[in-house]
Amino acid sequence: MDFIKNFNFEHTRSSIYAVVITLMLPASLNAVSAKEIPTFMGGFETGDDYQWDQFHYNEQFDKSRQFSVVTSPVRHGKYAAKLTVNDGDVFRQTGGERADFLRSGLHDEKEGDEYWYAWSTFFPSDWQAPKDWFVFADWHSSYDEVCQLLQFEVTPDNALLVKVMTGNVSGYQCFEGSGTAFKTSEVFDRKVNKNTWNDFIVHVKWTAHATGVIEVFHKTEEQETFKKVLNLRNIPTLQYQSDRNNPAMPYFKLAHYRSKLNTHTSTLYHDGFRQGKTRQSITSGELYSLEPYRKD
């Protein structure tokens with residue numbers, strides 16, 4: 001009974017779900033190498049947000065005001081998540097306005113981990129370009145004063161951008177500072193593709209040393225092949241302060257996170273999120289397949 005009393009369901013429920021799914025697999029599939037099976041599925045196929053550890057939203061209102069499970073549009077399976085942010089939708093005392101799903105605690109990436117991730121994001125036809133900044137997926141460090149180490153943005157001119165800040169982040173306030181952190185950003189689509197699913201694949205070798213890898217692939221639902229839009233190698237991919245051997249472990253957010261300068265109501269949809277040890281583990285049929293991908 002002590003075990004049940006002390007068990008932290010909030011931070012382990014997605015792990016419980018993964019175990020249940022594994023136990024339900026046919027014996028023939030259980031024989032498949034664990035490397036071919038996703039370590040996490042967060043595509044809302046439970047019909048709710050149970051797969052995720054937390055949901056950050058404006059707690060002055062009911063959660064359904066900012067999150068619902070929909071059957072259209074859907075990229076994979078039966079369900080997708082609809083996220084809405086209105087003027088003033090802040091989460092407690094944090095900055096920005098948001099409706100974010102969070103994986104944290106036991107799921108944090110650590111030194112030496114190597115993972116593949118995939119998901120799809122849908123911007124509806126009435127999507128408006130944001131004011132200032134807008135983030136729709138990110139890996140955030142545990143350093144309160146330092147911003148995300150890897151994030152996907154919509155810019156004020158409605159372009160899609162991926163931003164990286166890793167390595168020694170001593171002396172930084174958010175992305176500003178004069179330290180030695182590795183920093184880069186890449187616009188990979190000049191205009192948001194509206195009313196269609198944008199598919200993303202991310203491959204990261206997580207390390208605080210100069211041996212890390214970040215690869216990002218992107219395509220729309222109508223396109224047959226992915227294009228590699230970011231290829232970083234021999235860089236640190238974790239953040240640390242002073243002690244390289246004690247890096248911060250990042251946590252992932254499937255996000256709808258924007259500057260408070262926005263006053264309009266914005267909506268987007270997420271679907272299909274999965275994480276695995278290999279490229280094959282995140283592929284479902286032709287969805288998130290890199291066979292082949294465009295290198296141009």
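Computed from the coordinates by the stated procedures, all read-outs in this text should not be read as laboratory data. No experiment lies behind these values; they were computed from the predicted model shown. Don't worry about glycine lacking a Cβ; one is built from the backbone with ideal geometry, like all the others, and counts go over all protein chains shown.
Could you order peptides 69-82, 133-146 by the average number of other Cβ atoms within 10 Å of their residues, highest first? Each step should come with its number before you reach the end.
Details: 69-82: 17.1, 133-146: 20.0.
Result, highest mean first: 133-146, 69-82.
Quick check: residue separation of L287 and N234 times 0.36 nm, minus the Cα distance between them. What number comes out in nm?
Going from the current span to full extension adds 16.2 nm.
F61 to F175: FRET efficiency via 1/(1 + (r/R0)^6), r the Cβ-Cβ distance, R0 35 Å, to the nearest 0.05?
Efficiency, from the Cβ-Cβ distance: 0.70.
Taking 7 Å along the Cα-to-C-beta vector as the label spot, tell me the D87-S125 distance in nanometres, rounded to one decimal.
2.6
If packing is taken as the mean number of other Cβ atoms within 10 Å per residue, what is the order of 223-230, 246-253, highest first?
Highest-to-lowest ranking by the protection proxy: 246-253, 223-230.
Give me the one-decimal nm value for the distance between modelled label points at S185 and K260, 7 Å along each residue's Cα-to-Cβ direction.
Result: 2.1 nm between the two label points.
Looking at the chain only, what percent of DSSP beta bridges run antiparallel? Nearest 5 please.
Given both bridge residues lie in the chain, the antiparallel proportion sits at roughly 95 percent.
Report the residue, chosen from I282, I201, I235, that carries the largest GNM mean-square fluctuation when the chain is represented by alpha-carbon nodes joined by springs under 10 Å.
I235
Excluding A208 itself, calculate the net charge of residues whose Cβ lies under 13 Å from the Cβ of A208, where each Lys or Arg counts +1 and each Asp or Glu counts -1.
Net charge in that neighbourhood comes out at -1.
Please compute the Kirkwood hydrodynamic radius over the range 37-186, one decimal place, Å, based on all pairs of different Cα atoms.
17.3
Can you tell me the FRET efficiency between D243 and Q280 if r is taken as the Cβ-Cβ distance and R0 is 41 Å, rounded to the nearest 0.05?
Once the sixth-power term is evaluated, E becomes 0.70.
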